[in-house]
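Single-structure report; data block below.
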Amino acid sequence: MLRLDGINKIFGGLTALEDVSLSVTKGSITGIIGPNGAGKTTLFNIVTGLYTQTSGQVYLGEKNISLLAAEALASLGLVRTFQNIELFGQMTVLENVMVGLHTKSKSGIFSCAFKLPGQIREEKYIKEKALHWLEFTGLAELADQTAGSLPFGKGRLLEISRALAVEPQIILMDEPAAGLNSRETIELAGLIRRIKELGITVVLVEHDMELVMDICESIIVLNLGRKLAEGTPREIQENQAVIAAYLGES
Amino acid sequence: MTKEKRQILIFLFFAAAVLATPLFLKGSYFLNVLVFIGINTMLAVALNLLLGYAGQISLGHAAFFGLGAYISGILTTRFAIDPWQAMGLAGFCSAGLAFVIGFPILKLKGHYLAMATLGFGIIMYITFNETVGWTGGPSGLSGIPNLHIGSLIFDNDWNNYYLIWIFTLGVMLLSINLSQSRIGRALRAIHDSEVAARVMGVNARVLKVQIFTVSALLSAIAGSLYAHTMTFISPVAFGFNFSVELVTMVIIGGLGSIYGSFLGAAILTMLPELLRVFKDFDIVLYGLMLILITMYMPGGLISGLSMLAKFVASKIRGKQSNA
């Protein structure tokens, strides 16, 4: 589904990622873990087109997406959420999700300004779909609230709803459990499983080991910009190199 | 009543009020002020699409207003082209220029974008002043013909009022439609978080250029209307001061509100007239009022009005429940 081939990223003199290759199986939940500064978010930024890698290739299915910018990836079915929630704070909850349907609609400035019949139909479709995704994540009752006024946990859910509205093949979540309390984290685990049931591949960067070990089928460990290990949760838990990296032994 | 129906009603009510106003006015002075309010509303709405929705500043918008006015003026006076055709060409050329400069300029953000648009405005202002052979330079361009439809000539305040306001209402309606569409949402998304908008598939770079182009097109049409109703134009009206005034109208009225732009334009056009009774102190009061509005109504006059409406509504409800 998603394949990285020899990714290097150098910021000035600092090597953030060094020869990282990995592949994510279609329909799986894959976790990327590693100590702070391991390069997890940098990796996400490269895959999602926000950064350009110094060298290496990224493939989505058969397609080489190495040089595509962020805005081109949504229509190919790749979407992400952010570590520090990036909502459209002044817009309503419903409108946020409606923006997620941007690539599912195509009315231009002219037909929007003159409210041509095609645009009205499209608008109806966008709204129905957006409401559907809010129901999926359990936010439907908050549809008319301003996104900026949501509590943190709900904001997270909204970000996921908005990403789902893109109807992605693969969704990358950057620390989805950060800032959530234990009850919200359990709900999040349930939601991620339901997303998988829709046939969507999930990749998450996460520090909450309990969550990662619980829901991920395969785990990739990064340390100091390199891939340290990969395997099932059980294999990772028993991997000496991983234990050493986390406990700071050498 | 659905939100959509309510908005249609509000617009119809607003349009009816605008169209009926001249019937209750005596004398051409007020009518003349209202014509200016109409032109300024059109400009403020055009700038609001860029500033209030997409969140991109332009300190050079008076240049597009001027460009529209001068293209229309020059084509009609020197080449005897029909005023309506001149207006079309003015809009087309200004939009074309905006499109071309938009790609490099809109890569900039924040203060840098402000500086770039400021520079553009100043270059255009100097051009209006110095190309004397075409524009007449500082002494202006006169004898611009009025617009006409058959034998109906727009050469008096009454006719001009309806000409300008029909255009203004049209621009307002189209902008309201646009703001509530996928394009409007994408613009506001760029405003709130450009990176998240891009991840959702919004091509921020292209969309910003598109809205800049539309904004320039509407400003140029306002400029053309201005030239054909005033029949005389000079560079003073299209300088840096006016660019700042337009930004002030949008902010005072309310960023991202089309009716707010009308309020902002109305206040900033009328205030200098109303404050004239204070003679030398007018500029002080003018500044003071702007400061107070921005301090106590950060959402602009339109948010102040809606707060007031809610306050009154809650008072009325309170009385009813007491009785």
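Is it the case that the stretch A:214-235 has a residue that's surrounded by fewer than 18 Cβ atoms within 10 Å (Cβ to Cβ) and among the polar types (S, T, N, Q)?
yes
Keeping to the stretch A:174-210, report how many residues are within 19 Å of A:Gly138 (Cα to Cα) and in contact with an Asp or Glu (Cβ under 8 Å, 6 or more places away or on another chain).
The total comes to 4.
Table: residues versus (1) among the basic types (Lys, Arg); (2) at pLDDT below 95.
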residue	(1), (2)
A:Arg183	yes, yes
A:Ile195	no, no
A:His207	no, yes
A:Leu224	no, yes
A:Ile243	no, yes
A:Gly248	no, yes
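If only one of A:Ala143, A:Ala113, A:Ala147 is touching a helix residue (DSSP H, G or I) at 6+ places or on another chain (Cβ under 6 Å), farther than 15 Å from A:Asn96 by Cβ and either more than 11 Å from chain B (Cβ to nearest Cβ) or surrounded by 22 or more Cβ atoms within 10 Å (Cβ to Cβ) (or both), which one is it?
After ruling out the rest, the residue left standing is A:Ala113.
Could you go through the stretch B:279-295 and let me know if any residue there is aromatic (Phe, Trp, Tyr) and either surrounded by fewer than 24 Cβ atoms within 10 Å (Cβ to Cβ) or within 14 Å of another protein chain (Cβ to nearest Cβ) (or both).
yes
Here is a check on your reading of the model: is B:Ala220 within 14 Å of chain A (Cβ to nearest Cβ) and either in contact (Cβ under 8 Å) with a residue 60 or more places away in the chain or of a type in the set (Phe, Trp, Tyr) (or both)?
Spelling it out, it is not the case that B:Ala220 is within 14 Å of chain A (Cβ to nearest Cβ) and either in contact (Cβ under 8 Å) with a residue 60 or more places away in the chain or of a type in the set (Phe, Trp, Tyr) (or both).
If only one of B:Ile176, B:Ile190 is within 14 Å of the chain's Cα centre (by Cα), within 14 Å of chain A (Cβ to nearest Cβ) and β-branched (Val, Ile, Thr), which one is it?
B:Ile176
Being more than 8 Å from every other protein chain (Cβ to nearest Cβ), under 27 Å from the mean Cα position of the chain (by Cα) and not in a helix (DSSP H, G or I) is the requirement here; does A:Lys129 meet it?
So A:Lys129 fails the test.
Out of all the residues in the stretch B:141-157, which are β-branched (Val, Ile, Thr) and under 14 Å from B:Ala69 (Cβ atoms)?
Matches in the stretch B:141-157: B:Ile144 only.
Those residues that are at pLDDT below 95, more than 7 Å from chain B (Cβ to nearest Cβ) and part of a loop (DSSP other than H, G, I, E, B), I need them from the stretch A:83-110; list them, please.
Once the filter is applied, which keeps residues that are at pLDDT below 95, more than 7 Å from chain B (Cβ to nearest Cβ) and part of a loop (DSSP other than H, G, I, E, B), the stretch A:83-110 yields A:Gln83, A:Asn84, A:Ile85, A:Lys106, A:Gly108.
Any idea which residue in the stretch B:1-39 is surrounded by the fewest Cβ atoms within 10 Å (Cβ to Cβ), counting only those that are modelled with pLDDT under 90 and among the small types (Gly, Ala, Ser)?
Looking at the filtered set, the residue picked out is B:Gly27.
Which of the residues spanning the stretch B:75-102 are surrounded by fewer than 21 Cβ atoms within 10 Å (Cβ to Cβ) and aliphatic (A, V, I, L, M)?
Within the stretch B:75-102, B:Ala80, B:Ile81, B:Leu89, B:Leu97, B:Val100, B:Ile101 qualify.
Residues that are part of a loop (DSSP other than H, G, I, E, B) and surrounded by 24 or more Cβ atoms within 10 Å (Cβ to Cβ): does the stretch B:46-54 have at least one?
yes
Examine the stretch A:49-65 for a residue that is of a type in the set (A, V, I, L, M, F, W, C) and surrounded by 24 or more Cβ atoms within 10 Å (Cβ to Cβ), and state whether such a residue exists.
No, every residue in the stretch A:49-65 fails to be of a type in the set (A, V, I, L, M, F, W, C) and surrounded by 24 or more Cβ atoms within 10 Å (Cβ to Cβ).
Against the condition among the small types (Gly, Ala, Ser), more than 9 Å from every other protein chain (Cβ to nearest Cβ) and either over 30 Å from A:Met98 (Cβ atoms) or touching a Cys at 6+ places or on another chain (Cβ under 8 Å) (or both), how does B:Ala116 come out, does it pass? Show your work before the answer.
Details: among the small types (Gly, Ala, Ser): yes; more than 9 Å from every other protein chain (Cβ to nearest Cβ): yes; either over 30 Å from A:Met98 (Cβ atoms) or touching a Cys at 6+ places or on another chain (Cβ under 8 Å) (or both): yes.
It is true that B:Ala116 is among the small types (Gly, Ala, Ser), more than 9 Å from every other protein chain (Cβ to nearest Cβ) and either over 30 Å from A:Met98 (Cβ atoms) or touching a Cys at 6+ places or on another chain (Cβ under 8 Å) (or both).
Only one of A:Ala229, A:Ala178 is within 16 Å of the chain's Cα centre (by Cα), modelled with pLDDT under 95 and not polar (S, T, N, Q); which?
Among A:Ala229, A:Ala178, only A:Ala178 is within 16 Å of the chain's Cα centre (by Cα), modelled with pLDDT under 95 and not polar (S, T, N, Q).
Mind listing whichever residues of the stretch B:1-40 are part of a helix (DSSP H, G or I) and closer than 21 Å to B:Ser181 by Cβ? It would help to see each step written out before you state the result.
Residues of the stretch B:1-40 that are part of a helix (DSSP H, G or I), as a first pass: B:3-24, B:28-40.
Across the stretch B:1-40, the qualifying residues are B:Lys3, B:Glu4, B:Lys5, B:Arg6, B:Gln7, B:Ile8, B:Leu9, B:Ile10, B:Phe11, B:Leu12, B:Phe14, B:Ala15.
Which residue pairs have Cβ atoms under 9 Å apart, sit 6 or more places apart or on different chains, and have a first residue in the stretch B:231-251 that is more than 14 Å from B:Ile57 (Cβ to Cβ) and a second that is of a type in the set (D, E, K, R) and not in a strand (DSSP E or B)?
Close Cβ pairs satisfying both conditions: B:Thr231/B:Asp155.
Show the residue pairs meeting these rules: Cβ distance below 8 Å; 6+ apart or different chains; first residue within the stretch A:59-76 and under 14 Å from B:Val199 (Cβ atoms); second residue among the basic types (Lys, Arg) and loosely packed, with under 15 Cβ neighbours inside 10 Å.
A:Leu76/A:Lys63
The values are calculated or read from the model by the stated rules, or taken from the named source; none is laboratory data. A quick note: this is a predicted structure, and the numbers were derived from the prediction, not measured. So basically every Cβ, Gly included, is an ideal-geometry build from the backbone, and we count neighbours across all protein chains shown.
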